[in-house]
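Q: Pasting a structure here, questions to come.
The values are calculated or read from the model by the stated rules, or taken from the named source; none is laboratory data. Quantities reported herein were computed from a predicted structural model and do not represent experimental measurements. Cβ: placed from backbone, ideal geometry, glycine included. Neighbour counts: every protein chain shown. We work out accessible area using only protein heavy atoms, side chains counted, and drop any ligands, DNA or RNA first. Shrake-Rupley method; radii C 1.70, N 1.55, O 1.52, S 1.80 Å.
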Amino acid sequence: MGKLYAISDVHISHKFNHEAIHLLKPHPDDALILAGDVGEKLEHLHECFSLTTRLFKQVFWVPGNHELYTLPHPNDVAHEDNAMSPHTPAATHIPEPDNLRGEAKYFECVKVANEYGVITPEDEYVTWHSDESANAVKALICPMFLLYDYSFRPPDVSREQALDWAMEHNIRATDEALLHSDPYKSRDAWCDALVTETENRLKIALDKKDADTKVVLINHWPLREDTICIPSIPRFSLWCGTKRTEDWHVRHKADVVVTGHLHVRRTDWIDGVRFEEVSLGYPKQWEDARGKGKGVNEMLREILPDPREQIDRNGDQASEGRKTQWRRYG
């Protein structure tokens, strides 16, 4: 039986992660969700898509904030430790187009995905089958691009006060300098348009699906504020989603919600729906997992078939009655 795996925030502009991703093993019968933050440059997408489409039967991708960045010097590396390894095909050293900002950068990323047959938020939702048998698990896979609107903040903090509120704790996301909203007047406005369009698409698709077909919603940013816990930078929540999606798991009849962005791996069960945060993170952020003998292959999160009755990879029992399972080690 084939499986559906997910991982996000592989950040291959970091040399260690770049080398690690090339250690992925072949999964000829399985599908993979890449839930955003592959890297900042189009060549990162070329390399990751070229690799993963050779290893997996099917690949899905949604953008994270890093894919949307416009770097000050497009042909420079994004990080000091960025270096292409011997695995890198020469063809992936592609000059970054100048002045791609906002929506234009996003659609250029989609264009790259299309070259490799990777399914994006711009494609029709497809039904994944675990195998060709009559008893196969079926799921409607819904890649989404929703962005954020700074609404994950206390009720007594207005939108106009939001950035100052975060700066009281010296928190200001890199997005403020590198993630542009063109042609929209703001990221809030872009988010509003994306949420409205996506909700309409979901309604149409769900009306057509079979009753026995599961629903998997995929977005880089969390759909619910209560699934965000970053003790070291709690006010980073501003850049983590929108309150407009808080009930989408119920309204759109999801079985699983797959997200990334937080670099805090966890599983939540809310209203009978499983929420999976599937980040790999920067090299330092999965160092503890490597200390337990977990490589990038063990960091892939199984989405389907439903693993909740299994013993999880980190040795903890996953159970129905447990609201949150922290997955520090994978």
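Q: On alpha carbon coordinates alone, what is the Rg over Rh value for segment 159-218, Rh being the Kirkwood radius?
A: On the way: Rg = 17.4 Å, Rh = 14.7 Å.
We get a ratio of 1.18 for segment 159-218.
Q: Something else: Label point 7 Å out from Lys292 along Cα-to-Cβ: which residues of segment 1-44 have amide N under 12 Å?
A: none
Q: Same structure again: Under a 10 Å cutoff between Cα atoms, tell me which one of Gln285, Gln161, Gln58 has the largest fluctuation in the Gaussian network model of the chain.
A: Ranking Gln285, Gln161, Gln58 by mean-square fluctuation puts Gln161 first.
Q: Using DSSP to define loop residues, name the GluC sites (Glu not before Pro) in segment 145-199 whose beta-carbon has at most 14 other beta-carbon atoms within 10 Å.
A: On the way: sites: Glu160, Glu168, Glu176, Glu197, Glu199; in loops: Glu160, Glu168.
For GluC sites (Glu not before Pro) across segment 145-199 that sit outside H, G, I, E and B with at most 14 neighbouring Cβ atoms in 10 Å, the list reads Glu160, Glu168.
Q: Test of understanding: what is the full-extension gain from His169 to Asn200, defined as 0.36 nm times their sequence separation minus their Cα-Cα distance? Walk me through the intermediate numbers first.
A: Working: separation 31, 0.36 × 31 = 11.16 nm, distance 3.77 nm.
My answer for the length gained is 7.4 nm.
Q: Between rounded, prolate and oblate, where does the chain land on the alpha carbon gyration tensor, with a ≥ b ≥ c its root eigenvalues, rounded for a/c under 1.5, else prolate if a/b exceeds b/c? Each step should come with its number before you reach the end.
A: Working: a/c = 1.28, a/b = 1.09, b/c = 1.17.
Rounded.
Q: Please find, in a Gaussian network model of the chain (springs between Cα atoms separated by less than 10 Å), the residue of Leu23, Leu262, Leu304 whose mean-square fluctuation is greatest.
A: The residue that fluctuates most here is Leu23.
Q: If you don't mind, another one. Quick one: with all protein chains in place, what share of the accessible area of segment 169-226 is carbon or sulfur, to the nearest percent (1.4 Å probe)?
A: Values: 1300 of 2870 Å².
Here carbon and sulfur together make up 45 percent of the probe-accessible area.
Q: So how far apart, in nm, are the two label points at Cys229 and Asn135 if each is 7 Å from Cα heading toward Cβ?
A: Going by the 7 Å Cα→Cβ label model, 3.7 nm.
Q: Before rounding to the nearest 500, sum -39500 (n - 2.57) across all DSSP H runs of length at least 4 in the chain and divide by the residue total; then give [θ] at 222 nm in deg cm²/dmol. Kindly include the intermediate steps, with their values, before the conclusion.
A: Working: 8 runs with 75 residues, N = 330.
-6500 deg cm²/dmol, from helical runs alone.
Q: Determine the alpha carbon to alpha carbon distance for each of Lys41/Lys111; Lys15/Lys41; Lys41/Lys294; Lys57/Lys209; Lys208/Lys253 and list only those over 18 Å.
A: Values: Lys41/Lys111 13 Å; Lys15/Lys41 14 Å; Lys41/Lys294 28 Å; Lys57/Lys209 23 Å; Lys208/Lys253 13 Å.
The answer is Lys41/Lys294; Lys57/Lys209.
Q: Rank Val38, Val257, Val157 by mean-square fluctuation in a GNM of the chain with C-alpha springs under 10 angstrom and give only the top-ranked residue.
A: Val157
Q: While we're on this one: Determine how large the accessible area of His180 is when every protein chain is in place; take a 1.4 Å probe and give Å² rounded to the nearest 10.
A: Number for this one is 40 Å².
Q: Let me ask something else. Can you give the log10 of the normalised intensity I(q)/I(0) at q = 0.21 Å⁻¹, computed with Debye over equal Cα scatterers of segment 101-253?
A: -1.39
Q: Keeping every protein chain present and rolling a 1.4 Å probe, give me the accessible area per residue for the chain in Å².
A: On the way: 14300 Å² over 330 residues.
Per residue, the chain has an accessible area of 43 Å².
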